[in-house]
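What follows is a set of notes on a single structure, which appears directly below.
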There are 2 protein chains.
Amino acid sequence: MSLLFSRPCEYALQAVIYLAMKKEGERTSIRELTAALRIPYHFLAKILQDLTRKGLLSSLKGPAGGFALEMPAKEITLFHIVEAIDGVEFTQRCVMGFQECSGNHPCSVHDSWAELRDSIYRMLVERNIEEMAGDMKKPEYAGAG
Amino acid sequence: MSLLFSRPCEYALQAVIYLAMKKEGERTSIRELTAALRIPYHFLAKILQDLTRKGLLSSLKGPAGGFALEMPAKEITLFHIVEAIDGVEFTQRCVMGFQECSGNHPCSVHDSWAELRDSIYRMLVERNIEEMAGDMKKPEYAGAG
DNA sequence: CTATTTTAAGAGTAAATAGTCTGATTTATC
DNA sequence: GATAAATCAGACTATTTACTCTTAAAATAG
């Protein structure tokens, strides 16, 4: 079970943060990313292609090729990545799956979940990838392998 | 995509709340539940059997048989149901899937997610099924079909 | 121009999740 | 006891998600 986000989305989040830890413009190969993050090679390749098509990354073939952020890390949030890979369906569905659940015909946790949903959204937008990459470089943080 | 909870778990939540809307001890058939909640018959049958094995429901075969809550609705929370069907893994995993993420080696949203996780837990335990069934009976609430 | 290193693309496979079917068993009623 | 109405059990199928493989194409360096 991969809670909240799909596997591809989790991998995308990790990969983009990893790229943000590099100097701006520096390119990183799939090989390096999959080794550092322990993600299956060809699977991550697909995901990075997807992020490239969606305009979040740029790619270059050949030796010294690889992937880099298409825009400054400061302008990217986790939400951009989630939006690109999983979409924003989680902002809409009833948490218990009631088909009729809606604003004027709510289920009994509709309002609590609405608040939580907002908090999740806030978690995804309140900090940018540059700040997060800064964290990850510190020894007390996890992720880079 | 069935956010946060699996399909079987969503169906279980719906079914248990539906049962809590009945008079204590009254038995309800799979047929009635699937008609009211629009859930596939045989699939819900499996889920109810599971909840019965886990001790949340009691079942009776034969005409006038069906399912009922094994204990007073006041003593059941959504968390009991989630625990029985999906387990509590969502309280443990890193939201971005970082393998190394933990208390003393956190990812950059570790703390925000920890708070959110607690709020989700609170949403699941702060009200019991009796209260929620009470809500659902009111015309402005959704669920019973 | 050739060899090498990288991504691109698309088909294919595997595993997990969701949902179905059939037949047996239990219980109540006539 | 026979019949009917319900759950129980387990095998089966379908769909979605996760992951792999192969070949092509682009870029660099010699």
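Values quoted throughout were computed directly from the atomic coordinates according to the rules given, and no laboratory measurement underlies them. Small disclaimer: the values here were computed from a predicted structure and weren't measured. Glycine gets a Cβ as well: all are built from the backbone with ideal geometry, and neighbour counts include every protein chain shown.
Data for the structure
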{"read-out": "Residues B:Ile76, B:Ile81 arranged by fewest to most Cβ contacts within 10 Å", "value": "B:Ile76, B:Ile81"}
{"read-out": "Computed magnitude of the charge dipole of the range B:32-145 (debye, nearest 20; Cβ of K, R +1, Cβ of D, E -1)", "value": "480"}
{"read-out": "Percentage relative contact order, the range B:3-145, counting C-alpha pairs under 8 Å, at least six apart", "value": "31"}
{"read-out": "Proximal lysines relative to B:Lys74, as straight alpha-carbon distance under 23 Å, when same-chain residues fewer than 8 apart are discounted", "value": "B:Lys22, B:Lys23, B:Lys54, B:Lys137, B:Lys138"}
{"read-out": "Vicinal HN-Hα couplings computed from phi for the range A:109-123 (Karplus, 6.51 cos²θ - 1.76 cosθ + 1.60; Hz; Gly/Pro x)", "value": "10, 3, 6, 4, 5, 4, 4, 4, 4, 5, 5, 4, 4, 4, 4"}
{"read-out": "Separation of the B:Thr91 and A:Lys138 label points, Cα + 7 Å toward Cβ, nm", "value": "2.8"}
{"read-out": "Net charge over other residues, Cβ less than 13 angstrom from the Cβ of B:Phe43 (K, R count +1; D, E count -1)", "value": "+1"}
{"read-out": "Centroid-to-centroid separation of the range B:1-33 and the range B:59-116 [C-alpha atoms, Å]", "value": "16"}
{"read-out": "Per-residue mean of C-beta atoms belonging to partner chains within 10 Å, peptide A:42-53", "value": "0"}
{"read-out": "Average beta carbon contacts from partner chains per residue of B:11-20, 10 Å cutoff", "value": "2"}
{"read-out": "Per-residue HN-Hα couplings for the range B:26-39 [Karplus 6.51, -1.76, 1.60; θ = phi - 60°; Hz; x = Gly/Pro]", "value": "5, 9, 10, 7, 4, 3, 4, 4, 5, 5, 5, 9, 6, 10"}
{"read-out": "Shape parameters for the range A:39-80, alpha-carbon atoms, Rg then Dmax in Å", "value": "11.0, 32"}
{"read-out": "Hydrodynamic radius by Kirkwood, which averages 1/r over all alpha carbon pairs of the range B:1-128, in angstrom", "value": "16.1"}
{"read-out": "Residue among B:Ile76, A:Val82, B:Leu48 farthest towards the positive dipole end of the protein assembly as shown, charges placed on Cβ", "value": "B:Leu48"}
{"read-out": "Ordering of A:12-20, B:22-30 by burial proxy (mean other Cβ atoms within 10 Å per residue, highest first)", "value": "A:12-20, B:22-30"}
